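Working notes, beginning with the structure itself.
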């Protein structure tokens, strides 16, 4: 989908201020309310806007620690990858999962309350996932930068 300057402005504002009214958004990008709404709907229907939601504070909900987990599988066959990915999707504790190039096959991100919470996830889920040969976990000490939007 081609994005013009106005589309990029709309997207930048929505990334930063998801609860902005259509009237205010239209004013800021110099469009009529109906024209702005049509553009926003086109961006949604075209898959550029993936969704809307509240950004929660991990600390406020009792999960202040971020853990990155490298997973290496014992097989690269499609059946093994598919089985692992299905197991990951069924685990509510996993926030992100990326198929990687390099030494690990997957990189996962979880948020935990403490080391005991991580141990629960490790024992109940990670160690039980199919085809896992190696698990390497790294605890983030603090976040230096946490961007939620894309530069447009």
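FYI, it's all coordinate maths here, none of it is from the lab. These numbers come from a predicted model, not from an experiment. Note: ideal-geometry Cβ built from the backbone for every residue, glycine included; neighbour counts use all protein chains shown.
By its C-alpha gyration tensor, with a ≥ b ≥ c as the square roots of the eigenvalues, how is segment 29-101 shaped: rounded for a/c under 1.5, else prolate for a/b larger than b/c, else oblate?
Values: a/c = 3.64, a/b = 1.73, b/c = 2.10.
Cα axes put segment 29-101 in the oblate bin.
Counting only alpha carbon atoms, the long axis of helix 33-45 and the longest principal axis of the chain meet at about 30°.
The relative contact order of segment 16-110, computed from alpha carbon pairs under 8 Å that lie at least 6 residues apart in sequence, is 22 percent. Relative to the longest principal axis of the Cα atoms of the chain, helix 78-89 runs at roughly 70 degrees. Working from label points 7 Å from Cα in the Cα-to-Cβ sense, the residue 59 to residue 42 distance is 4.3 nm. Quick check: Cα centre of segment 106-152 to Cα centre of segment 5-38, how many Å? Distance between centres, Cα-based: 35 Å.
From helices alone, the chain scores -10500 deg cm²/dmol at 222 nm; the rule is -39500 (n - 2.57) for each run of n ≥ 4 DSSP H residues, then divide by the residue total.
Comparing 121, 94, 49 in a Gaussian network model of the chain (Cα springs below 10 Å), the most mobile by mean-square fluctuation is 49. Between 0 and 90 degrees, the angle of helix 5-16 with respect to the longest Cα principal axis of the chain falls at about 50 degrees.
Considering only 96, 27, 119, the Gaussian network model of the chain with Cα springs below 10 Å gives its largest mean-square fluctuation to 27.
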